[in-house]
């Protein structure tokens, strides 16, 4: 007998299907809004690069994975660490701490690779010191060049789209000083 006709609760698999359909509809609406430019992500990805905290737009970041073995590339800048095979894709790996400050490095036990979103057009991953997870910039105090969270930590917004347009970032060869 149909569970809805006899007054009893619907079967658990029916609830799961309904929740899955609702989730898929919400996800589709978000994806369509993001593609049309009407969606502004309420959250950013919080990362540490060296000793500083940064906020990355979620639409500019791809996967977050543990550091992979690297194949070195000769005659490249010290901040260009080499190539990593991440899920079958070759990605150039940039140590962002070293890119920002020649004496620093993002390497460490909590380091992660953050790949760039495909829409940025570069097969690249950034080595960050640590990933803090989602942050809401709108809930932080604006202090000009940085934002401050409720715990007093300073966060600097970092546009990966602007980073990949920097001449220095695009020329990893030592001969392009």
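Considering (1) closer than 27 Å to residue 42 by Cβ; (2) not in a loop (DSSP other than H, G, I, E, B), say which one residue 93 fails and leave the rest.
Failed condition: (1).
From the list 158, 83, exactly one residue is touching a residue at least 40 places away in the same chain (Cβ under 8 Å), assigned by TED's automatic domain parsing to the domain that holds residue 50 and touching a strand residue (DSSP E or B) at 6+ places or on another chain (Cβ under 9 Å). Which is it?
Among 158, 83, only 158 is touching a residue at least 40 places away in the same chain (Cβ under 8 Å), assigned by TED's automatic domain parsing to the domain that holds residue 50 and touching a strand residue (DSSP E or B) at 6+ places or on another chain (Cβ under 9 Å).
What number of residues within the range 66-78 are within 14 Å of residue 111 (Cβ to Cβ) and in contact (Cβ under 8 Å) with a residue 60 or more places away in the chain?
1
Listed residues 98, 112; which is surrounded by 18 or more Cβ atoms within 10 Å (Cβ to Cβ), closer than 16 Å to residue 48 by Cβ and without any contact (Cβ under 8 Å) to a residue 24 or more places away in the chain?
Result of the check over 98, 112: 98.
Among the numbered criteria (1) surrounded by 12 or more Cβ atoms within 10 Å (Cβ to Cβ); (2) within 18 Å of residue 45 (Cβ to Cβ); (3) touching a strand residue (DSSP E or B) at 6+ places or on another chain (Cβ under 7 Å), which one does residue 120 miss?
It fails just one condition, (3).
Tally the residues that are closer than 13 Å to residue 129 by Cβ and either surrounded by fewer than 20 Cβ atoms within 10 Å (Cβ to Cβ) or without any contact (Cβ under 8 Å) to a residue 60 or more places away in the chain (or both), restricting the search to the range 54-63.
Final tally of qualifying residues: 0.
The values are calculated or read from the model by the stated rules, or taken from the named source; none is laboratory data. Given the structure is predicted, the values throughout are model-derived calculations rather than measurements. So basically every Cβ, Gly included, is an ideal-geometry build from the backbone, and we count neighbours across all protein chains shown.
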